[in-house]
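I have placed the structure first, in the form of structure tokens, so that the comments after it can refer back to it.
None of the figures in this text is laboratory data; all of them are computed from the coordinates on show. Computed from a predicted model, the values in this text were never measured in an experiment. Counting neighbours? That spans all protein chains shown, and the Cβs are built from the backbone with ideal geometry, glycine included.
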Amino acid sequence: MRTRIRSLFSKASAQPWFSDPTYHQIVQTKPAAPLPNSLPPIPEHLPRPWYFKHGRSSPWEAKIPSTNQDPLLESGVKHASRLAAHCLKEASKLVKPGVTTEEIDDFAREWAFANGAVPSSLNYSGFPKSICTSVNNVVAHGIPDKTILKEGSIINLDIALFAAHPSDPSACFHGDTSATFPVGQISPLSSRLLEATKLALDEGIKACGPGNRYEEIGLAVERVAEEHGYEINTALCGHGIGREYHQNPLIIHCANDKSNEIMLPGTIFTVEPVLCEGGAEFSVWNDNWTIVTDDGGRSAQFEHTIMITEDGVEILTDLGKEEQREVMYVQ
């Protein structure tokens, strides 16, 4: 991941989003992230990811896990993914003006605990919170804090949960999903960005199937981005998921992925494109997590965990009409 030492204000304020009456730029106001000893306790009866104690990250082994090799993988990830999708749906109901991102994080964590799951992000590589809350010009990995949501903003909630298999408590799996939501009424500029990013996810998933090349996902996402005049953040990728939070295959959301590898039935991974209304160049705050656009432009992301089947693809974090929220905008 690149880190560029640039000012958020490196672009002139003539950019269209600066004249958008609903635009609220997020600027760094805090020092480093809280230390791991500030982590909330996990109830004793719940499983803990192996990395929770020491704040490590997944090993990214070369082997791609498959349901053909792990008989519990499909049902285990389906269970965790369903929980993650419901948690996202419930947490999104708190997205309103006046609510802090920390309040949303607290709700998601307690919802997870109450439903037998643990947030996968909690102390993953030292991440100090349970979910990521990325507002406006924050591209990804926003750390929930006292930031108050303002009317007209957009916010991405990225939620992954770790849960024991329903029939085998010793086997635990992850499910991962995210979506970008309007805070009250949003402008046509923001609405268009959200709609295009959701379309990029949909088209990326349509490109999946047994025998298809992983490269086709990036090609599909790039077609949508170009058609709508957006740039893709190519540093943020999808990933395999299962007993580990992050695994191969690495899913690239642009045409630069020249891999000839093909998708095989039983493979489970995420598709999670990020589109930027301005340039895709970014910087990372000194909390070592929060990614922001260099020009202050907004970005949006949508994500699903999917599984390649014998005859197509199954979206494991899709709740259908249940998860849809109305996108309101101002003229």
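Numbers for the structure displayed
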item	result
Förster radius 30 Å - calculated FRET efficiency between His228 and Ser125 (Cβ-Cβ, nearest 0.05)	0.35
Of His45, His79, His165, the one that fluctuates the most in a GNM where the chain has Cα springs shorter than 10 Å	His45
The range 250-308 - convex hull of alpha carbons, volume per residue in Å³	112 Å³
Hull volume in cubic angstrom per residue (convex hull over the Cα atoms of the range 199-325)	128 Å³
Stokes-Einstein translational diffusion, the range 65-194 - Kirkwood Rh over all Cα pairs, 1.306 mPa s, 10 °C, in µm²/s	104 µm²/s
Net charge, Met263 excluded, C-beta distance under 11 Å - Lys, Arg +1, Asp, Glu -1	-2
Cβ-based net charge around Glu227, under 13 Å, with every Lys or Arg adding one and every Asp or Glu removing one	-3
Taking all pairs of distinct alpha-carbon atoms in the range 68-119, Kirkwood radius in angstrom	12.2 Å
Potential extension, Ala114-Ser57 segment - 0.36 nm per residue separation minus Cα distance	18.0 nm
Equivalent ellipsoid semi-axes - Cα gyration tensor, the range 144-258, angstrom	27, 24, 11
For the chain, built as a Gaussian network whose Cα springs stay under 10 Å, the top-fluctuating residue of Gln15, Gln247, Gln301	Gln15
Net charge, Leu189 excluded, C-beta distance under 13 Å - Lys, Arg +1, Asp, Glu -1	-1
Backbone N within the range 58-79 under 16 Å of label point (7 Å from Ser170 Cα along the Cβ vector)	71-73
Farthest positive-ward along the chain dipole, Cα basis, beta-carbon charges - from Asn248, Gly152, Trp285	Trp285
Principal axis box of the range 104-179, alpha-carbon based, largest edge first, Å	44, 23, 19
Value of Rg to Rh for the chain (Rh from inverse mean 1/r over Cα pairs, i.e. Kirkwood)	0.94
Span-like helix ranges in the chain, DSSP H, alpha carbon extent 24 angstrom or more, Kyte mean at least 0.5	none
Pairs from Lys93/Lys198; Lys96/Lys146; Lys129/Lys206; Lys78/Lys206; Lys89/Lys198 whose Cα-Cα separation, in the structure shown, is over 21 Å	Lys129/Lys206
